[in-house]
Amino acid sequence: MELRRHRRVLIALGLAGALAASSVTLLAPDTGDASSHREAPLIAGDPRNDNTDVYAFTSPDKPGTVTLIANWIPFEEPAGGPNFYTFDTRSRYNIKIDNNGNGMPDVTYQWTFRDEDKRGTSTFLYNNGPVTSIDDPNLLFRQRYTLKKFTAKDGWTTVVKDGVVAPSHAGAASMPDYARLREQSLRKLPGGGVSFAGQADEAFFLDLRVFDLLYGGDLSEVGQDTTKGYNVHTIAIQVPKNEVALKNDATRNPVIGVWSTTEKWSPKGYRQVSRLGNPLVNEVVVPAGLKDTFNAISPDKDAGIPAVVKRVTDPELPKLIEGIYKIPAPKTPRDDLAEIYLTGIAKANGPIKADLNSQILNKDADPKKFRPSEMLRLNLAIPPTRTPNRLGVLAGDLQGFPNGRRLGDDVLDISLQAVEGAARTGKLVPALAAGDKVDANDKPFLATFPYIPLPSSVAVNQR
């Protein structure tokens, strides 16, 4: 069944044979954007709760499972001690899955954290000697976590208690074998799967000078990986596909929608302060005056805010590019972008004549309850690509963004072309074909879970 569905998608996309750059035609404007660092006024001042990136992909070494990754705390300078970076103990960190297309979570994984601080008034040190194991007494400060899972059928259940967070990488003298610490921090889950929480390399790669009036106004400000050398804090989980699929059946119902949130404690209880699905939506699609609101609502509310929907169908970015580079903006309304951002790609949803990653394709989904909403959508039936292409679906690699997002997907370049209508015309926009000239992360991704590289311990200005 999986194979038949896959073949159907390929045929629908016209990609069953050689998948070449010309296949751009079939995937209308693929809207990936960059990610979500400091994207809204309120969250920019609260980095521990600032959700920066979400990834969702079929595990390349375990294709029967899906891996979900979410990052927080942008621009962690590795040498930022002695009080290194931590998750907020007053917040709840969530990865949510909508498998029936109604914009509401059907499965939620939730991490909460607590501190173990043995320093007291006796020392300022993070560790008072080499840390050679995750429970080494020389590590004076560590965090532990509880992982809970929610489903409508079972409610909330605790799947991990007293999990250990992989510490911030204090340096080679303090942590001579950091890979060992990470390995020991992984926790197996009941029913199969594994979870991780801890510091990691900032795997999102791009030149952030895009905000200097789009690369200096003459494409002179490109080619520098702005996030190179920084770290983030990561939570990740790998579970059997059936665990997140509608009716626990990933064969009949292979499409899921994924997003992450942060809920911060306040005098009025927990309040959602950050939200992230597709990269860069809140950053370059939503206007400044609505960014905090977007961060606070759930996806099922999106379609009820006309101002947000209009920003998708009549986006600002192509007009800005036209003003600077004289590249005509595609005609509006951009129903192609709405399909990718808000409904997922399916023939029934809009102008893109392909069935790829909308929950409406799930055999047990109720079309009457389907609701346009912004989230990262993934068709679990698409097998891992043997030779991934950084341009994802635009280059005929159906496992790549915007069908989920892998660590190596170049979402900035993909998004730039998509917003400029490359998927609609079938041609890359020549003047922007080189993108930001940052095509890969500086560190290779790992072959096994959690795949994201180890954190750096070298100061950014020493690299």
- prompt: So which strands (runs of 3 or more DSSP E) are wholly in segment 128-210 and hold at least 2 residues that are under 29 Å from Pro240 (Cα atoms) and charged (D, E, K, R)?
  reply: 141-151, 155-164
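Go through segment 196-242 and count every residue that is among the aromatic types (Phe, Trp, Tyr) and more than 29 Å from Ala433 (Cβ to Cβ). Step through it out loud before you land on a result.
Residues of segment 196-242 that are among the aromatic types (Phe, Trp, Tyr), as a first pass: 196, 204-205, 211, 215, 230.
Adding the requirement that they be more than 29 Å from Ala433 (Cβ to Cβ) leaves 196.
Adding up the residues that qualify gives 1.
A quick yes/no check of all residues on (1) open to solvent by 40 Å² or more (accessible area, probe 1.4 Å); (2) in a helix (DSSP H, G or I); (3) of a type outside the set (Ser, Thr, Tyr):
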| site | (1), (2), (3) |
| --- | --- |
| Val286 | no, no, yes |
| Gly289 | yes, yes, yes |
| Phe294 | no, yes, yes |
| Asp302 | no, yes, yes |
| Ile324 | yes, yes, yes |
| Pro328 | yes, no, yes |
query: How many of the residues in segment 373-408 are open to solvent by 50 Å² or more (accessible area, probe 1.4 Å) and under 19 Å from Ile256 (Cβ atoms)?
result: 1
task: State whether the residues of segment 331-342 include one that is closer than 29 Å to Asp218 by Cβ, hydrophobic (A, V, I, L, M, F, W, C) and either touching a residue at least 12 places away in the same chain (Cβ under 8 Å) or surrounded by fewer than 20 Cβ atoms within 10 Å (Cβ to Cβ) (or both).
output: yes
- request: Quickly run through segment 246-297 and pick out the residues that are small (Gly, Ala, Ser) and without any contact (Cβ under 8 Å) to a residue 60 or more places away in the chain.
  value: Ser266, Gly269, Gly289, Ala296
- line: In segment 439-463, anything within 18 Å of Thr67 (Cα to Cα) and of a type in the set (A, V, I, L, M, F, W, C) is listed as Phe445, Leu446, Ala447, Phe449, Ile452, Leu454
message: Can you find a residue that is in contact (Cβ under 8 Å) with a residue 60 or more places away in the chain and either out of contact with any Lys or Arg (no Cβ under 6 Å at 6 or more places or on another chain) or surrounded by 15 or more Cβ atoms within 10 Å (Cβ to Cβ) (or both) anywhere in segment 120-137?
response: no
- line: Selection over segment 242-261 where residues are assigned to a helix (DSSP H, G or I) and either buried (at least 23 other Cβ atoms within 10 Å of the Cβ) or of a type in the set (A, V, I, L, M, F, W, C) (or both) yields a count of 2
Output for segment 196-225, where each listed residue is among the polar types (S, T, N, Q) and either farther than 21 Å from Pro74 by Cα or open to solvent by 40 Å² or more (accessible area, probe 1.4 Å) (or both): Ser220, Gln224
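Of the residues Asn362, Asn389, Asn379, Asn403, which single one is over 28 Å from Val308 (Cα atoms) and of a type in the set (S, T, N, Q)?
Working: Asn362 fails: over 28 Å from Val308 (Cα atoms); Asn379 fails: over 28 Å from Val308 (Cα atoms); Asn403 fails: over 28 Å from Val308 (Cα atoms).
One residue alone meets the criteria, Asn389.
The values are calculated or read from the model by the stated rules, or taken from the named source; none is laboratory data. Since this is a predicted model, take the numbers as computed values, not measurements. Cβ coordinates were reconstructed from backbone atoms using ideal geometry, including for glycine residues, and neighbour counts include every protein chain displayed. Ligands, DNA and RNA are stripped out before the accessible areas are found, and what is left, the full protein with its side chains, is counted by its heavy atoms. Shrake-Rupley method; radii C 1.70, N 1.55, O 1.52, S 1.80 Å.
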